[in-house]
Amino acid sequence: MPCAVIRLATFLIFSLAVSLPETAYAFSLDNPQQIGIAVNLGSSYDPQPTIGFVQLSMMALYDYEQILPHATPEPLRMKFEGSLGVGDDSRFRAMASLNFFACYYLTDLARGSFKPYVEAGAGVAFTDFQVEGQGLRLNFNPQAGIGTEWQSISGQRWFSAIRAHHISNSNLHKDNRGINSLFLQLGFSL
């Protein structure tokens, strides 16, 4: 299963890269709909023993058509996210990732300022640690999750998500032991 996810993520990254020259005239990272900062807390569940993670993330959310100009459903957005933090496998070691996500807002379930969404994406992750058989420190990083945005009484916009998180090299190295984790994200809009 994880290899199929990695291959799908690789295909999506390749498809995005191939389509960019055709759409470069419209591709723009100016004027995101939302920018935010978040804390990610996580723990691996495979392999054992577990590794704990803490990351600080910055994100920018765009209308999907602003990034890839073609007709899309209105609730679809594109999110870019960079994270920097540590993993604890009996010692603190650095980790960093750059990811993109397709975010789909579940408008039928929205109530007031409560806006649930589903998201899936991929990217690359660097870990300054390796589990036995991991092979590389620079790996692919597919993720998928569910989340919500809401507004506090003071007017501050918040977001949270639960994500399934995978790190592996998609057989670019003969050793390809991956790390599977669950992450909780909590952040606010700037």
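Taken together, the values in this text are just the output of simple stated rules run on the coordinates, not laboratory data. Note that the coordinates shown come from a computational prediction; the quantities given were computed from them, not determined experimentally. As a convention, Cβ positions derive from the backbone with ideal geometry for all residues, glycine included, and neighbour counts pool all protein chains shown.
Kindly give Rg over Rh for the stretch 2-189, based on alpha-carbon atoms, with the Kirkwood expression for the hydrodynamic radius.
Details: Rg = 17.0 Å, Rh = 17.3 Å.
Here Rg/Rh amounts to 0.98.
Between beta-carbons, use under 13 Å as the cut-off and find the net charge around GLU149, counting Lys and Arg +1, Asp and Glu -1.
Working: positive: ARG77, LYS79, ARG111, LYS115, ARG157; negative: GLU119.
Residues close to GLU149 contribute a combined charge of +4.
Less than 13 Å Cβ to Cβ from PHE129, Lys/Arg counted +1 and Asp/Glu -1: what total charge do the surrounding residues give? Don't jump to the answer; show the numbers that get you there.
Values: positive: ARG91, ARG93, ARG137, ARG177; negative: ASP88, ASP89, ASP128, GLU132.
Neighbourhood net charge equals 0.
Amide H of LEU106: which non-local residues (sequence gap of 5 or more, or other chain) have their own amide H closer than 5 Å, using H built in the peptide plane?
For LEU106, whose amide H was placed from the backbone, the distant partners under 5 Å are TYR117, VAL118.
Hey, what do the phi angles of the stretch 125-130 turn into as Karplus ³J(HN,Hα) couplings, whole Hz, using 6.51/-1.76/1.60 and θ = phi - 60°, x for Gly and Pro?
With the stated coefficients, the stretch 125-130 comes to 9, 10, 10, 7, 9, 9 Hz.
In sequence order, what are the phi-derived ³J(HN,Hα) couplings for the stretch 69-78 according to the Karplus relation 6.51 cos²θ - 1.76 cosθ + 1.60 with θ = phi - 60°, rounded to whole Hz, with x for glycine and proline?
x, 7, 4, 9, x, 4, x, 8, 10, 10
Of PHE159, PHE114, PHE140, which is the most mobile in a GNM of the chain whose springs link Cα atoms less than 10 angstrom apart?
Of PHE159, PHE114, PHE140, the Gaussian network model singles out PHE114 as fluctuating most.
Please list, in order along the stretch 141-149, the HN-Hα scalar couplings obtained from phi with the Karplus expression 6.51 cos²θ - 1.76 cosθ + 1.60 (θ = phi - 60°), rounded to whole Hz, x for Gly and Pro.
Listing the rounded values in order: 9, x, 9, 8, x, 10, x, 8, 10 Hz.
Explain nothing, just the number: relative contact order of the chain, from Cα pairs under 8 Å at least 6 residues apart, as a whole percent. Each step should come with its number before you reach the end.
Details: 467 pairs, mean separation 38.8, N = 190.
With pairs under 8 Å counted, the relative contact order is 20 percent.
Measuring from centroid to centroid over Cα atoms, what is the spacing of the stretch 112-190 and the stretch 28-86 in Å?
For the stretch 112-190 versus the stretch 28-86, the Cα centre distance is 7 Å.
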